[in-house]
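A quick write-up on the structure given underneath.
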Amino acid sequence: MGVTDTLMTIKVYPPANMIAKQAVDKVVQSLERNPKDRTNTADVIVGHVLSTAWPCEPSSRRQSSGGRST
């Protein structure tokens, strides 16, 4: 239970070479910039920060944009 279970429902796509410390750093930096967010629960904070940092790309952006043959 907790943060891990909650994050399973959040779409986050970090770079393949990301290390855990980078995710921790993003959360720490966000809380330093927005101390009022500390009143939220950890799952809300971490979920928001990581999904903002590494959002799910819309499927249209992942597909190659090939032109039509004429």
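Only the coordinates and a few stated rules stand behind these numbers; no lab work does. Since the model is a prediction, treat every value here as computed from it, not as a measurement.
Some points to look at:
- Taking 0.36 nm per residue of sequence separation and removing the Cα-Cα distance, the Asp25/Cys56 pair yields an extension gain of 9.2 nm.
- Within a straight-line Cα-Cα reach of under 17 Å, Lys11 can be paired with the following lysines, leaving aside sequence neighbours fewer than 8 residues apart in one chain: Lys26.
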